[in-house]
1. Order the peptides 177-185, 84-92 from the highest to the lowest mean number of other Cβ atoms within 10 Å of their residues.
2. Could you check the simple spin-label distance between S68 and Y198, using points 7 Å along Cα→Cβ, in nm with one decimal?
3. Given 10 °C and 1.306 mPa s, how large is the Stokes-Einstein diffusion coefficient of region 35-142 in µm²/s, with Rh as the Kirkwood radius over Cα pairs?
4. Over all directions, what mean area does the Cα convex hull of region 105-146 project, stated in square nanometres?
5. Take the Cβ-Cβ distance between Q140 and D32 as r, set R0 to 35 Å, and report the resulting FRET efficiency rounded to the nearest 0.05.
6. Using label points projected 7 Å from each Cα along Cα→Cβ, tell me how many nm separate T120 and I153, to one decimal.
Amino acid sequence: MKTKARLLPILLTLLSLPLAEHKSQAVSPPPDGGYPGNNTAEGQNALLSLTTGVNNTAVGWFSLKSNSTGQLNTAVGAGTLFSMANASRNTAVGGAALFSDTNGSSNTAVGALALWSNTTGALNTAIGDNALFGNTVGFQNTAVGGLALVNNITGNVNIAIGSLAAYSNFTGGGNTAVGGGGALSDNQTGNYNIALGYAAGTRTTALRPQHLSPVLVEPQSSATPLSWMETVN
């Protein structure tokens, strides 16, 4: 009974509070950077040229600076998607990622200088420092790893996974390189090569299979294709 007696004043006090005045509060201070068309901009000259574009997010110095009508673009980092004017559905995360893109759409670049040179290439994915750095108009390339496909310019539909994978590929297309140590790193213009394993497919002009790492299928586009599969001890 004594316990109930002590609780009663507390309950009465709580019930007497003006509950109607207690409304849910937003964060304070409220977030800034919101603009018409569901656009968000934070940073010096971010989304500076926007006219009718919608659903864009620009965070960082000069990010999406030239975008006018493009939509569904996301740029996070200084100079990301700097040159893009009208393209859509690009994602750039990392300093100067997709910096030179003008009209290429549906590209994803994560890492400093990833897809830096891309202008009109589309549907490319670059994850890693300098991944697909030199790509200009090549499309549907996937590079995962630092410097993967770094020198690719016009090659299409290449897959490079691992640091330095397909490092020297300039114009070759349809190549697959999976492995660290620069898998298929010596190939420059060859097409439809497959190299799997550490440093696989390096020294592709060598005649002896033992110069190559575990798995290589090379080069299916030549007049006399060679298929090698072996375990190198």
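1. On the way: 177-185: 25.1, 84-92: 22.3.
Ranked from most to least packed, the peptides come out as 177-185, 84-92.
2. Modelled inter-label distance: 5.3 nm.
3. 127
4. With every direction weighted equally, the projected area is 2.1 nm².
5. 0.35
6. In this crude spin-label approximation the distance works out to 1.7 nm.
Quick note: the coordinates plus some simple rules give every number you see, no bench work behind them. Small disclaimer: the values here were computed from a predicted structure and weren't measured. Heads up, the Cβs are rebuilt from the backbone with ideal geometry, glycines too, and the neighbour counts pull from every protein chain shown.
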